[in-house]
Amino acid sequence: MNKEWVFNVLNDIGVSNILRNRKRKKLTVLSLHRVSPETDYFWDPIKPNTFELLLKYLRKYYTIISFSDIDSITDPALSEKPYLILSFDDGYYDFYEYALPLLVKYDISSNHNIVNECAENNYVIWTQRMNTIFTHCRKNDITLNFQHSNGVQKFSDHHSNWMEFYLYMYRWMLGQTNSERNFIIEQKENELSISTQARMMNWEQVKECASNKVEIGSHSYSHDVLSTISDPAVLTKEIVSSTKELEHRLQKKVSVLALPNSEANHDIKRYATEAGLRYILFVDNNLNGWTHVKKPGVVYVDRLNLVEEPISSMILRAESLHAKLRQYV
């Protein structure tokens, strides 16, 4: 049976309405990354047309706010519509090119969490560079293996299944130090004579976003995996220095830290407090209770991850159907 047909039927019979009506005491935060007409086998960006359909749906059925609005909302149950925040990570240029014009068109607020190093010199985060390597090898039928200090990770060990190997390598890379991770990626880029064509927003573009109802947050200084860092000086740079630089460049208070790859160090809250942050964002595909997000001090906020798919499925994912179904699988 065609999945798109099933999701269309579920929407037609009102499942999205039922799920949304149960959100009166919840805050929905959606997590998005790239919006682009590009097609990618391993990490397909949300297409601009799909994104526009999503915005039309959200504007109709939600009160869309920023993180800075949370503390001023005294009784969420009094709102005609449930509250929602649109949250983006990474700072890709395609946000500026494709998403921002649509957000401005529909007068919708959003949050975008920036990697300082990317805005400074168009440094491209390691996940995108790894994605470029996989895409190149799959497209050109090149056998892909990764040499590292403890041996080799082989494509053939994963039933020659590209997506299986890709997901395995992503999870494996999360456990490596930043220097080891970058060494492995640079070694393979040099071997293949390739580099990613992805672009990141520069500071001027980030500032323009901030002047168009985009609440800028930190996504760390270099997009390192924070759970692998034990050096206090490095954590200070990734969290405290990142936040202070954003505030200096934007001349605005920064209250949000989005954890790269949703990986946390047990000391994160302490560094977030030192930086003057209010919200730490991760992705575990749950909703947030208003009592929790309005607690004093630094609080963790969960997000629902959105991916490129037919709009009927995306709507139901935003209404947390997919997360609920996973609980029973």
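The values are calculated or read from the model by the stated rules, or taken from the named source; none is laboratory data. All values reported here derive from a predicted model rather than from experimental measurement. Note that we place each Cβ from the backbone using ideal geometry, even for glycine, and neighbour counts take in every protein chain shown. Just so you know, the surface numbers come from the protein's heavy atoms only, side chains and all, with ligands and any DNA or RNA stripped out. Shrake-Rupley method; radii C 1.70, N 1.55, O 1.52, S 1.80 Å.
Residues in segment 9-38 that are touching a Pro at 6+ places or on another chain (Cβ under 8 Å) and either in a helix (DSSP H, G or I) or open to solvent by 90 Å² or more (accessible area, probe 1.4 Å) (or both): 3 in all.
In the set (1) surrounded by 16 or more Cβ atoms within 10 Å (Cβ to Cβ); (2) free of Cβ contacts under 8 Å to residues at least 60 places away in the same chain; (3) touching a Lys or Arg at 6+ places or on another chain (Cβ under 9 Å), the condition left unmet by E215 is number (2). A count restricted to segment 39-56 and to residues that are open to solvent by less than 70 Å² (accessible area, probe 1.4 Å) and outside any loop (DSSP other than H, G, I, E, B) stands at 7. Being assigned to a helix (DSSP H, G or I) and either of a type in the set (V, I, T) or under 18 Å from the mean Cα position of the chain (by Cα) (or both) is the requirement here; does V240 meet it? Considered against the rule, which asks whether it is assigned to a helix (DSSP H, G or I) and either of a type in the set (V, I, T) or under 18 Å from the mean Cα position of the chain (by Cα) (or both), V240 comes out as yes. Please tell me if Q128 is in a helix (DSSP H, G or I) and either within 30 Å of K253 (Cβ to Cβ) or at pLDDT below 95 (or both). Against the criterion (in a helix (DSSP H, G or I) and either within 30 Å of K253 (Cβ to Cβ) or at pLDDT below 95 (or both)), Q128 qualifies. Checking each residue in segment 154-210 for being farther than 30 Å from L246 by Cα, open to solvent by 40 Å² or more (accessible area, probe 1.4 Å), without any contact (Cβ under 8 Å) to a residue 12 or more places away in the chain and outside any loop (DSSP other than H, G, I, E, B) picks out K154, D157, E164, L167, N190, E191. Looking at segment 2-24, can you tell me whether even one residue there is touching a helix residue (DSSP H, G or I) at 6+ places or on another chain (Cβ under 7 Å) and without any contact (Cβ under 8 Å) to a residue 60 or more places away in the chain? Yes: one or more hits. Would you call E245 in a helix (DSSP H, G or I), out of contact with any helix residue (DSSP H, G or I) (no Cβ under 7 Å at 6 or more places or on another chain) and either within 21 Å of F134 (Cβ to Cβ) or open to solvent by 20 Å² or more (accessible area, probe 1.4 Å) (or both)? Spelling it out, it is not the case that E245 is in a helix (DSSP H, G or I), out of contact with any helix residue (DSSP H, G or I) (no Cβ under 7 Å at 6 or more places or on another chain) and either within 21 Å of F134 (Cβ to Cβ) or open to solvent by 20 Å² or more (accessible area, probe 1.4 Å) (or both). The residue of segment 57-91 that is surrounded by the most Cβ atoms within 10 Å (Cβ to Cβ), among those that are outside any helix (DSSP H, G or I) and of a type in the set (S, T, Y), is S87. Of all the residues in segment 103-116, those that are touching a residue at least 60 places away in the same chain (Cβ under 8 Å), open to solvent by 10 Å² or more (accessible area, probe 1.4 Å) and assigned to a helix (DSSP H, G or I) number 1. Look through segment 117-153, keep the residues that are farther than 30 Å from E245 by Cβ and basic (K, R), and return whichever of them is surrounded by the most Cβ atoms within 10 Å (Cβ to Cβ). Residue satisfying both the conditions and the ranking: R138. The residue pairs whose first member lies in segment 292-313 and is in contact (Cβ under 8 Å) with a residue 24 or more places away in the chain and closer than 17 Å to E52 by Cα, whose second member is in a helix (DSSP H, G or I) and of a type in the set (V, I, T), and whose beta carbons are closer than 7 Å, counting only pairs six or more residues apart or on different chains, are E308/T50; I311/T50. On inspection, D94 does not qualify as over 19 Å from T28 (Cβ atoms) and buried (at least 23 other Cβ atoms within 10 Å of the Cβ). Checked against the criterion of being acidic (D, E), modelled with pLDDT under 95 and in contact with a Ser or Thr (Cβ under 9 Å, 6 or more places away or on another chain), the candidates E180, E97, E117 yield just one match: E180.
Criterion first (open to solvent by less than 30 Å² (accessible area, probe 1.4 Å), out of contact with any strand residue (DSSP E or B) (no Cβ under 8 Å at 6 or more places or on another chain) and of a type outside the set (S, T, N, Q)) does Y271 satisfy it? For Y271, the condition - open to solvent by less than 30 Å² (accessible area, probe 1.4 Å), out of contact with any strand residue (DSSP E or B) (no Cβ under 8 Å at 6 or more places or on another chain) and of a type outside the set (S, T, N, Q) - is met.
With respect to (1) surrounded by fewer than 16 Cβ atoms within 10 Å (Cβ to Cβ); (2) part of a helix (DSSP H, G or I), the lone exception for S230 is condition (2). The set of residues from segment 264-290 being in contact (Cβ under 8 Å) with a residue 40 or more places away in the chain and among the β-branched types (V, I, T) comprises I268, V283.
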